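Reviewing the structure listed below.
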Amino acid sequence: MTVDRFLVNPEVLRSLYEHSPSLNDIRIRSINLNWRGPTVTLRVDLPSFPDFAPQEWIDAGMDAVQCHFQFLAAENLSLSEWDPPVVGTIDMVSWGEQRRMRVTAHGSGVALRFDCSESVRIGHVSAFKIQQGGSDDGDHLFSSKIDARRHASLPATDEKTFYER
């Protein structure tokens, strides 16, 4: 399944991919819970390099793309397994008449489920060269001009402007 139909800002992926990437067999890097909203943010590696990658990414030898998926008005959250490194599938299924959906992330090392608004925001898109063992340490080239100005690599996990917005 793709996330296309739920994105509030689909132009982010459309500028990079001919077709939105599948959410099957993706690396889930982190789960951030924020009481404001309340919000669940998943930091993931997309399963393929973009069809329309910026030349800067190609010239720098980047081979992977990472982004945040932010889910608003989250409730009924259950995280029964989290054992990184995690490779899994994210499913989103609409239900009810109030534009709600159930999100599940399941796979090797993860079992997450929650309900939320049908609005998903994508953010903090970056390219990086995957390191030995699948690590995302090292340089990241961000698609957002603000992110690119502020960060040359992933910020520490307590950087609220990166992980909570």
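Rule-based calculations on the coordinates, nothing more; no lab input. Predicted, not measured: the structure shown is a model, and the values here were computed from it. Glycine also receives a Cβ, built like all others from the backbone with ideal geometry; neighbour counts cover every protein chain displayed.
Some values worked out for this structure:
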quantity	calculated
Per DSSP, loop trypsin sites (Lys or Arg not before Pro) in segment 1-96 with at most 13 further Cβ within 10 Å	36
Qualifying GluC sites (Glu not before Pro) for segment 69-157 [loop in DSSP, other Cβ within 10 Å: at most 14]	97
Relative contact order of the chain, pairs being alpha-carbon contacts under 8 Å that are 6 or more residues apart, as %	21
Table column - 3J(HN,Hα) (Hz), segment 63-72, Karplus curve with 6.51, -1.76, 1.60, x for Gly and Pro	9, 9, 10, 10, 7, 10, 10, 10, 10, 9
Cβ-placed point charges (K, R +1; D, E -1), dipole of segment 1-107 about Cα centre in debye, nearest 20	500
Cα-centred dipole magnitude for segment 81-165, charges only on beta-carbon of K, R (+1) and D, E (-1), debye, nearest 20	380
Sum of -39500 (n - 2.57) over DSSP H runs of 4+, divided by residues of the chain (222 nm, nearest 500)	-2000 deg cm²/dmol
Fewest-first ranking of 116, 67, using other Cβ atoms within 10 Å as the exposure measure	67, 116
Positive minus negative residues near residue 59 (Lys, Arg vs Asp, Glu; Cβ under 14 Å)	-2
Correct choice for semi-axes √(5λ) of the Cα gyration tensor in Å that was computed from the model, options [x] 25, 17, 16; [y] 23, 20, 16; [z] 26, 21, 17	[x]
